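The values are calculated or read from the model by the stated rules, or taken from the named source; none is laboratory data. If you're wondering where the values come from, they're calculated on a predicted model, not measured in any experiment. No Cβ is skipped: glycine too gets one built from the backbone with ideal geometry, and neighbour counts run over all protein chains shown.
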Amino acid sequence: MGAALHQRQIVDGEQREGVICYISRRLKDSEARYGATHTEFLFLVWALEKPHYCWEGAVFEVYADCTALKYLLNMKTTHRHMLRWQIAIQEYIGKMKIIFKEGKRHVNADGHWKMSKATQLMNLK
């Protein structure tokens, strides 16, 4: 799974966006069996926890190609993973806005992930 951390700033009167970092990791064997929505929730929680120091006191946006992520914070569930993930990101309520971005327009983090998947496949041959 992969994520990209970007920052917007005004430079010479123009708004510009630059990459601060890319992060990625492989799914564990047990995680590889999750459904698509659970995997997206896992990605979000992991991506928020990894560079957690960046979010302190910040208001930020998360762009994701999974519409279900918008409902994670308010979802009523008895699924233990979902409950744990909701608790893990409670501190971001009111600071984080989740915005849907269509998959084909969401290339930075996905491209990084797909590149690592291609490398894994090449290593298997």
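What are the pairs with Cβ atoms under 6 angstrom where one residue, in the stretch 83-100, is over 13 Å from residue 71 (Cα atoms) and the other, located anywhere, is exposed (fewer than 14 other Cβ atoms within 10 Å of the Cβ)? Sequence gap at least six, or different chains.
Within 6 Å, the pairs are 95/59.
Which of the residues belonging to the stretch 60-99 are exposed (fewer than 14 other Cβ atoms within 10 Å of the Cβ) and within 19 Å of residue 2 (Cβ to Cβ)?
61, 99
What are the residues in the stretch 6-59 that are β-branched (Val, Ile, Thr) and surrounded by 15 or more Cβ atoms within 10 Å (Cβ to Cβ), if any? Working first, answer last.
Step one: filter the stretch 6-59 for residues β-branched (Val, Ile, Thr), giving 10-11, 19-20, 23, 37, 39, 45, 59.
Of everything in the stretch 6-59, those that are β-branched (Val, Ile, Thr) and surrounded by 15 or more Cβ atoms within 10 Å (Cβ to Cβ) turn out to be 23, 37, 39, 45.
May I ask you to list the residues in the stretch 1-32 that are touching a strand residue (DSSP E or B) at 6+ places or on another chain (Cβ under 9 Å), outside any strand (DSSP E or B) and not hydrophobic (A, V, I, L, M, F, W, C)?
Result: 25, single match.
Being among the aromatic types (Phe, Trp, Tyr) and either under 19 Å from residue 76 (Cα atoms) or at pLDDT 85 or above (or both) is the filter here; which residues of the stretch 86-100 pass it?
First pass over the stretch 86-100, keeping only residues among the aromatic types (Phe, Trp, Tyr): 92, 100.
Of everything in the stretch 86-100, just one residue is among the aromatic types (Phe, Trp, Tyr) and either under 19 Å from residue 76 (Cα atoms) or at pLDDT 85 or above (or both), namely 92.
Taking the conditions exactly as written (under 17 Å from residue 99 (Cα atoms) and either within 15 Å of the chain's Cα centre (by Cα) or outside any loop (DSSP other than H, G, I, E, B) (or both)), does residue 63 satisfy them or not?
Working: under 17 Å from residue 99 (Cα atoms): yes; either within 15 Å of the chain's Cα centre (by Cα) or outside any loop (DSSP other than H, G, I, E, B) (or both): yes.
Judged against the criteria, residue 63 is a match.
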